[in-house]
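Participant: Attaching a single structure in structure tokens format; questions to follow.
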Amino acid sequence: MNAIELANVSKIYRRYGGKQFATLKSALLQRSLLRDLRPSETFPALTDVSFRVPKGSTFAVIGRNGSGKSTALKLVAGITKPTAGSVRVEGRISALIELGAGFHPEISGRENVFINGIMLGLTKRQIHERFDDIVDFAELREFIDAPVKTYSSGMYMRLGFAVAIHVEPDVLLVVEVLAVGDEGFTHKCLDKFSEFRRRGKTVLLVTHSLGLVENLCDDAVWLEGGRVQGHGDPKRVVGAYLTAVEEGEQELMAATTAKAVEEAEAEQPAEAGAPAVDSPPNMFQAAEGRWGSREVEIVDVALIDGKGEPSFVFHTGERLEIRLKVRAQHPTDDFAFGIGLFNADGVCCYGTNTFVEEMDPERLSGDAEVTFTIDSLDLVEGTYKLDLAVHKRDGYPYDYHRLLYTFRVKSRTRDVGIYRPPHRWTFSPTVQFKNPGSGL
Amino acid sequence: MFANLNNLFRYRGLIWSLVTRDLKARYRGSVLGFFWSFVNPLLLLLIYSFIFTKVLPNETKGVQPYGVFMFCGILPWTWFATSLTDASGSLIAGGNLIKKVLFPAEVLPLVSVLANMAHFCFGLPILFLFLIVSGHYPDALDLVWFPIAVLVQLVFTSGLALILAALTVHFRDIRDLLANILTLWFFATPIIYPVFKPEVRQYKWLFDLNPFTHLAVSYQEILFFNGPIGHWRWLLALGVASLLLFVAAYWLFDRLRDSFAEAV
């Protein structure tokens with residue numbers, strides 16, 4: 001038995017060529033009344049989307065911004081109609097799309113609860129019965145007789161949420177509304193969802209909180225550009241979605257790096273053979289750029305992930321190799337390789353070079369390759385930048401690449417800081433947890 | 001469509017609570033509060049009386065006092081005109097509801113009409129008071145026609161309100177256009193002049209085409225003039241026409257319904 005069924009649903013939004021500003025007069029004068037009502041441009045928000053939500057299940061719709069999630073929800077809620085295909089919903093729906101839509105600012109919370117309840121399909125008597133529950137749920141007992149315009153946005157949302165959830169719908173549609181309150185309120189909302197599930201009601205959740213999807217949902221569908229990209233077990237769908245998001249980030253990081261390198265190149269003085277040798281006056285303030293005599297030149301840089309593939313996105317704990325291709329114009333016996341790792345705030349997370357690590361240079365000639373390997377990238381999630389350099393032992397720069405290379409570290413754990421030391425927790429048997437933890 | 005019309009009856013609880021909300025919210029925070037619903041028409045009546053007795057004295061026979069005569073037409077006209085103005089913007093003002101909640105859009109223009117009807121009703125005691133003070137006791141038999149006139153006006157106004165609300169979503173200029181049309185319409189209706197003026201008689205057919213003429217004249221005959229109402233045939237004909245208009249308007253509204261959530 002399905003509570004919601006979408007069969008080959010397409011939704012095409014029409015963009016009217018300047019219709020927004022078309023006037024009745026011009027429409028009449030040009031006899032274009034009918035023509036203006038016809039679309040000049042169309043935008044497919046959903047294309048051939050099908051999914052079924054079995055009764056009593058909790059179902060998630062995930063996807064990037066603009067992927068059609070909200071449109072899908074509006075179709076299910078019946079607010080808009082599909083251009084093609086069919087949408088079928090069994091039972092009463094309550095949509096938590098915009099909380100407190102229809103609250104009138106001038107009248108009291110109490111009166112708004114009644115009117116909002118009636119809008120959502122309750123009778124006066126049903127609201128009377130549930131009124132205390134609603135007010136207690138919203139934690140607004142003291143303020144319920146104050147006009148809603150005096151409420152904070154949090155109070156407003158809580159009251160809206162409380163009314164909507166007490167409508168006792170058969171199908172509850174929820175869009176990113178769990179962020180309406182503090183921790184305590186969020187937990188209450190989650191408890192309410194669980195209660196819903198226990199009572200065999202259907203919940204359709206549209207969210208970016210992927211953890212919630214994995215923990216709460218029985219099924220998930222992933223929309224991408226208005227099409228179903230994945231469907232099924234939430235863990236699997238979320239995994240596939242995250243991979244796609246990473247690929248997107250990968251491209252972004254690659255583009256950032258390419259742009260930085262290109263700009264650094266463009267800043268070189270025009271006269272060949274006389275590249276900027278001088279270091280910026282204050283190394284700690286230097287912005288991204290490139291300088292040095294180029295007697296030894298870094299000709300190529302690649303970041304390699306644990307699988308041996310070039311990448312710009314890494315996971316905490318993964319292996320990271322930085323491969324430099326260098327070229328010495330003349331053989332030299334005075335050289336050092338250095339790297340610096342910075343986080344997005346510009347804090348140097350780590351810096352080293354072959355000189356401080358007491359490697360005595362003997363000879364470098366022609367083309368060479370240098371690899372710097374970090375076996376376990378113990379950084380927390382974030383964007384990081386690299387300094388890479390070849391210089392003399394006294395610091396005279398051959399080729400200094402400042403913050404030109406960007407990469408991203410991803411982590412499923414929400415720990416904070418910069419560095420994640422390898423660690424473990426140990427407990428005496430009197431301390432117990434329900435789950436074994438994410439097992440870092 | 002008739003299923004939807006049936007729904008309209010189901011929404012009566014919603015309509016009722018929205019109308020009371022509008023009325024409550026309107027005077028919230030003002031010192032006189034609900035009392036304004038009586039004070040407003042009273043002040044209007046006093047102003048008209050002053051103008052047409054002192055500033056521009058109108059001595060036309062049979063319509064004295066002139067202020068009270070005009071008020072018989074102005075009160076229903078105010079209901080009519082403000083209803084249409086409110087209704088034409090109602091879907092846009094209620095955009096949040098239409099876009100975010102499954103909400104029967106036709107409720108909004110009807111609430112505009114009904115809320116203004118409430119204000120009309122609050123003005124009636126003032127009107128009756130002045131009628132009695134000035135010696136125009138409405139005939140009891142005539143008064144039977146009064147609710148009928150109100151009903152006809154309600155259906156007529158609701159029909160127009162639905163059309164305007166639906167079209168304004170697509171053509172925003174209607175709101176500005178409407179304000180001017182209503183001003184013209186007001187002066188084209190025998191409200192501040194009696195219908196039996198020779199100039200009006202000359203173009204009687206033109207005035208007969210104006211639906212509000214029949215409402216205004218009916219109100220005047222029921223409330224102000226002595227003798228039985230002579231205009232009842234017109235009133236009933238308008239009633240039938242209004243019903244047809246309402247059904248047509250509802251059909252149009254229903255046709256455009258799906259475009260509201262996107263165009264608002």
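The values are calculated or read from the model by the stated rules, or taken from the named source; none is laboratory data. Note that the coordinates shown come from a computational prediction; the quantities given were computed from them, not determined experimentally. Cβ coordinates were reconstructed from backbone atoms using ideal geometry, including for glycine residues, and neighbour counts include every protein chain displayed.
Participant: Would you pick out the residues in the range B:124-151 that are of a type in the set (G, A, S) and touching a Leu at 6+ places or on another chain (Cβ under 8 Å)?
Facilitator: B:A149
Participant: Would you pick out the residues in the range A:58-77 that are at pLDDT below 85 and either in a strand (DSSP E or B) or in contact with a strand residue (DSSP E or B) (Cβ under 8 Å, 6 or more places away or on another chain) (or both)?
Facilitator: A:S70
Participant: Quick one: A:N116 ticks every box in (1) within 12 Å of chain B (Cβ to nearest Cβ); (2) surrounded by fewer than 20 Cβ atoms within 10 Å (Cβ to Cβ) bar one, so which box is it?
Facilitator: (2)
Participant: What tally of residues in the range B:147-178 results from selecting those that are under 15 Å from the mean Cα position of the chain (by Cα) and away from chain A (no Cβ under 14 Å)?
Facilitator: Qualifying residue count for the region: 16.
Participant: How many of the residues making up the range A:94-113 are more than 7 Å from chain B (Cβ to nearest Cβ) and not in a helix (DSSP H, G or I)?
Facilitator: Result for the range A:94-113: 7.
Participant: Could you tell me how many of the residues in the range A:141-156 are buried (at least 21 other Cβ atoms within 10 Å of the Cβ) and either within 21 Å of A:I93 (Cβ to Cβ) or aliphatic (A, V, I, L, M) (or both)?
Facilitator: Total satisfying the criteria: 1.
Participant: Restricting attention to the range A:388-404, does a residue exist that is modelled with pLDDT of 90 or more, crowded, with 16+ Cβ neighbours inside 10 Å and basic (K, R)?
Facilitator: yes
Participant: Can you work out which of the residues in the range B:92-107 that are more than 11 Å from chain A (Cβ to nearest Cβ) and under 19 Å from B:R255 (Cβ atoms) is farthest from the chain's Cα centre (by Cα)? Even if it seems obvious, please write down each step before you answer.
Facilitator: Of the range B:92-107, the ones more than 11 Å from chain A (Cβ to nearest Cβ) are B:92-93, B:106.
Then keep just the ones that are under 19 Å from B:R255 (Cβ atoms); that gives B:92, B:106.
Values: B:I92: 21, B:E106: 18 Å.
Out of the qualifying residues, it is B:I92.
Participant: For the range B:182-264, which helices (runs of 4 or more DSSP H) that fit wholly inside it have 2 or more residues that are in contact (Cβ under 8 Å) with a residue 24 or more places away in the chain and farther than 30 Å from B:L102 by Cα? Can you show your working first?
Facilitator: On the way: elements: B:198-202, B:204-209, B:211-223, B:232-263.
Qualifying helices (runs of 4 or more DSSP H): B:211-223, B:232-263.
Participant: Among the listed residues A:V148, A:V180, A:V203, identify the single one that is in contact with a Lys or Arg (Cβ under 8 Å, 6 or more places away or on another chain), at pLDDT 85 or above and under 21 Å from B:V101 (Cβ atoms). Before the answer, list the steps.
Facilitator: On the way: A:V148 fails: in contact with a Lys or Arg (Cβ under 8 Å, 6 or more places away or on another chain); A:V180 fails: at pLDDT 85 or above.
That would be A:V203, the only listed residue that is in contact with a Lys or Arg (Cβ under 8 Å, 6 or more places away or on another chain), at pLDDT 85 or above and under 21 Å from B:V101 (Cβ atoms).
Participant: Can you find even one residue in the range A:322-330 that is within 17 Å of A:I418 (Cα to Cα) and buried (at least 18 other Cβ atoms within 10 Å of the Cβ)?
Facilitator: Pass one, the range A:322-330, residues within 17 Å of A:I418 (Cα to Cα): none.
No, the range A:322-330 contains no residue that is within 17 Å of A:I418 (Cα to Cα) and buried (at least 18 other Cβ atoms within 10 Å of the Cβ).
Participant: For B:S17, indicate whether it is within 14 Å of chain A (Cβ to nearest Cβ), of a type in the set (S, T, Y), free of Cβ contacts under 8 Å to residues at least 60 places away in the same chain and not in a helix (DSSP H, G or I). Steps first, please.
Facilitator: Details: within 14 Å of chain A (Cβ to nearest Cβ): yes; of a type in the set (S, T, Y): yes; free of Cβ contacts under 8 Å to residues at least 60 places away in the same chain: yes; not in a helix (DSSP H, G or I): no.
Answer is no for this residue.
Participant: Another question, then. Can you confirm whether the range A:351-366 contains a residue that is among the basic types (K, R) and either surrounded by 10 or more Cβ atoms within 10 Å (Cβ to Cβ) or at pLDDT 90 or above (or both)? Please lay out each step first, then the result.
Facilitator: First, the residues of the range A:351-366 that are among the basic types (K, R): A:363.
Those still in the list that are either surrounded by 10 or more Cβ atoms within 10 Å (Cβ to Cβ) or at pLDDT 90 or above (or both) too: A:363.
Yes: the range A:351-366 contains one or more residues that are among the basic types (K, R) and either surrounded by 10 or more Cβ atoms within 10 Å (Cβ to Cβ) or at pLDDT 90 or above (or both).
Participant: Would you point out which residue out of A:E214, A:E263, A:E246 is within 26 Å of A:P54 (Cβ to Cβ), surrounded by 13 or more Cβ atoms within 10 Å (Cβ to Cβ) and at pLDDT below 85?
Facilitator: On the way: A:E263 fails: within 26 Å of A:P54 (Cβ to Cβ); A:E246 fails: within 26 Å of A:P54 (Cβ to Cβ).
Step by step, each of A:E214, A:E263, A:E246 is checked, and only A:E214 is within 26 Å of A:P54 (Cβ to Cβ), surrounded by 13 or more Cβ atoms within 10 Å (Cβ to Cβ) and at pLDDT below 85.
Participant: In the range A:223-239, what count of residues is obtained for those that are surrounded by 15 or more Cβ atoms within 10 Å (Cβ to Cβ) and either assigned to a helix (DSSP H, G or I) or not small (G, A, S) (or both)? Explain how you work it out, then say what you get.
Facilitator: Step one: of the range A:223-239, the residues surrounded by 15 or more Cβ atoms within 10 Å (Cβ to Cβ) are A:223-224, A:226-231, A:234, A:237-238.
Filter again for either assigned to a helix (DSSP H, G or I) or not small (G, A, S) (or both), leaving A:223-224, A:227-229, A:231, A:234, A:237-238.
Count: 9.
Participant: Only one residue in B:F146, B:F187, B:F196 is under 21 Å from B:W232 (Cβ atoms), modelled with pLDDT of 90 or more and aromatic (F, W, Y), so which one is that?
Facilitator: Within the list B:F146, B:F187, B:F196, the selection yields B:F146.
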